[in-house]
Amino acid sequence: MKKALVCLLSFLLVFSCAVFRANASPEASLSLSAESAVLIDANSGNVLYSKNHTERMEMASTTKIMTALVAAESFDSKKTVRVSPEAVGVEGSSVYLYEGEQITMEELLYSLLLQSANDAATAIAIAVAGSVEEFADMMNARASEMGLDNTHFTNPHGLSDNEHYTTAYDLAIIASHALKNETVREIVSTYKKTIPIDSRCNPRTLVNHNKMLRLYDGAIGVKTGFTKRAGRCLVSAAERDGLTLIAVTLNAPDDWRDHTQMLDFGFDSYESLLIAEVGAFSYALPVTGGEEDFVTLTNTEEIRLTVPRDRGKILCRVETTHRFEFAPTHRGVHAGTVYYSYGDFAADSSALICAENVNRLTDDETFWDRIFK
């Protein structure tokens, strides 16, 4: 009787685990200086606040977030790079690299993200791809992999170009990917770093231009930017109680205040719920021809969901590969997916695997024989 009840509950769960309508997300009422802005949950990419967030705009040195990500993903950060003549004397911010200087990729990335050095950006591009143009192609390919249709790069540093643009939303998504890279995440959260100058004179001391690291509790990055055409641009990220938020402003005269407002709003209005630790979710899937009538499916990933603090019910949905399994079943085999969602927010999900083996029946009686009896 108990197993029959579990089967019935599992059947209902396939269609709707909690068929309650979620309350609408809270509306933000912020006064920002930015022409374009967005606040997202870094885990899911859900938009929590927006202002002209899909408008194509220049992004100045926030370009370097993608530069760093592409370099970190495709080049050994401990490997030494020889600075090419094309990277010397590049317009704008600089760490004054000289031709033939020996410097590690990691030191170039610190120069790129803390000092916002355009010469470091050029040196990185040439070391990784052979030229600035070919590196820009790599940046565009990476943006395409992220599904970003409103972003295009022509250089690794962000100096103005009519074909070099993004949106606040796209830039937030780029930052969310960058923060998942351990090398980039560590560098953007660093306030000060000393690197050598090829042992020829005193070391370079790099100080992060991102004041949010000092101004905002829980700040972990990411990057500033400025040109006369783009105005002040800023990507910031902060983390509290398992919730990571990313804020982006483009052409924002009062960007520090804008970001403080957005991040405060995000942390005041939303929270990250731990729905299930790895292996904590259970779902009973019928088995035919087995020694047991059911096999337990369990989640392979931690399930978290960012929701408003004054939320309603959270929706849950299970999709199994088959309506039932034939014995024998084997532990660890993928058998479905569990989804959680809230309102219009994209669902967090986890793959479901068989939690145990179910052996085939040794006699001729099957599951369906027992059901008919």
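When each of Leu213, Leu148 is tested for being part of a loop (DSSP other than H, G, I, E, B) and at pLDDT 95 or above, the lone residue that passes is Leu148. Out of Thr183, Thr154, Thr190, Thr205, one residue alone is under 27 Å from Val83 (Cα atoms), assigned to a strand (DSSP E or B), in the same structural domain as Cys233 (by TED's automatic domain parsing) and among the β-branched types (Val, Ile, Thr). It is Thr205. Output yes when any residue across the stretch 283-290 is in contact with a helix residue (DSSP H, G or I) (Cβ under 6 Å, 6 or more places away or on another chain) and assigned by TED's automatic domain parsing to the domain that holds Asn162, and no when none is. Within the stretch 283-290, none of the residues are in contact with a helix residue (DSSP H, G or I) (Cβ under 6 Å, 6 or more places away or on another chain) and assigned by TED's automatic domain parsing to the domain that holds Asn162. Of the numbered criteria (1) among the basic types (Lys, Arg); (2) surrounded by 15 or more Cβ atoms within 10 Å (Cβ to Cβ); (3) more than 27 Å from Gly266 (Cβ to Cβ), the one Arg323 fails is (2).
The residue that is nearest to Arg232 (Cα to Cα), counting only those in the stretch 193-216 that are out of contact with any helix residue (DSSP H, G or I) (no Cβ under 9 Å at 6 or more places or on another chain) and touching a residue at least 60 places away in the same chain (Cβ under 8 Å), is Val207.
Yes or no, residue by residue, for (1) part of a strand (DSSP E or B); (2) closer than 29 Å to Val248 by Cβ:
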residue	(1), (2)
Leu297	yes, no
Arg304	yes, yes
Val307	yes, yes
His322	no, no
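Within the stretch 54-65, the residues that satisfy the criterion of being in a loop (DSSP other than H, G, I, E, B) and surrounded by 21 or more Cβ atoms within 10 Å (Cβ to Cβ) are Glu58, Met59. Is there a residue in the stretch 103-119 that is out of contact with any Leu (no Cβ under 6 Å at 6 or more places or on another chain), closer than 22 Å to Thr194 by Cβ and part of a loop (DSSP other than H, G, I, E, B)? Within the stretch 103-119 (the criterion being out of contact with any Leu (no Cβ under 6 Å at 6 or more places or on another chain), closer than 22 Å to Thr194 by Cβ and part of a loop (DSSP other than H, G, I, E, B)), the answer is yes, since at least one residue qualifies.
Please indicate, with yes or no, whether at least one residue in the stretch 96-108 is within 25 Å of the chain's Cα centre (by Cα), crowded, with 17+ Cβ neighbours inside 10 Å and not charged (D, E, K, R).
Here is the first cut: in the stretch 96-108, the residues within 25 Å of the chain's Cα centre (by Cα) are 105-108.
Still in the running and crowded, with 17+ Cβ neighbours inside 10 Å: 105-108.
Checking the rest, the ones that are also not charged (D, E, K, R) come to 105, 108.
Looking for residues that are within 25 Å of the chain's Cα centre (by Cα), crowded, with 17+ Cβ neighbours inside 10 Å and not charged (D, E, K, R), one finds at least one in the stretch 96-108, hence yes.
The values are calculated or read from the model by the stated rules, or taken from the named source; none is laboratory data. Owing to the predicted nature of the structure, the values given are computational and were not obtained by experimental measurement. FYI the Cβ positions are ideal-geometry reconstructions off the backbone, even for glycines, and counts take in every protein chain you see.
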